[in-house]
Amino acid sequence: MMEESSCCCTHKTKERSPEEYKRLIHRLNRIEGQVRGIKGMIEKNAYCTDILTQVAAVNAALNAFNKELLANHIRTCVADDIRAGKDETLDELLATLQKLMK
């Protein structure tokens, strides 16, 4: 029998609605397919600009994923924490935005 170890840190989780979960997973599945397609292009010695075009499409898809996830985060987690008086959530959001904008 394994003992449960206590940890000094906590990990946040998020309960997503079935609709949000489905939308995010669908987007990620499409992105995954695009990345596999790029790998196939490399394996088939595709022309560089064709590959670069597909990489740009993946970047755009990841940006769209980030926008949707961020909007949901602000509407739910951030708004709920602010209403509960947890102002440190704003600092977390600002740090996340800075990472996203590098």
**OP:** Measure out, as a whole number of angstrom, how far apart the alpha-carbon centroids of segment 66-96 and segment 26-51 sit.
**Re:** 33 Å
Original post:
Mean separation of Cα pairs under 8 Å and 6+ residues apart, divided by the residue count of the chain: what relative contact order is that in percent?
Top reply: 21 percent
Subject >> Simple spin-label estimate for Leu28 and Asp91 in nanometres, 7 Å along Cα-Cβ >> reply: 2.9 nm
**OP:** Would you calculate a helix-derived [θ] at 222 nm for the chain, using -39,500 (n - 2.57) for each DSSP H run of n ≥ 4 and dividing by the full residue count, to the nearest 500?
**Re:** -23000 deg cm²/dmol
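So if I place +1 on the C-beta of Lys and Arg and -1 on the C-beta of Asp and Glu, and nothing else carries charge, what would the dipole magnitude of segment 18-100 be about its Cα centre? I want it in debye, nearest 20.
420 debye
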**OP:** Note the full-extension length gain between Lys99 and Tyr47 as 0.36 nm times their separation in residues minus their Cα-Cα distance, in nm to one decimal.
**Re:** 15.5 nm
Subject >> Of the DSSP H helices in the chain, those whose Cα atoms cover at least 30 Å axially and whose Kyte score averages 0.0 or more >> reply: 48-73
Subject >> Those lysines that a straight Cα-Cα span of less than 19 Å connects to Lys99, excepting residues fewer than 8 apart in one chain >> reply: Lys12, Lys67
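Read-outs: derived from the displayed coordinates by stated rules, not from any lab. Quantities reported herein were computed from a predicted structural model and do not represent experimental measurements. Cβ atoms come from the backbone with ideal geometry, glycine included; neighbour counts cover every protein chain shown.
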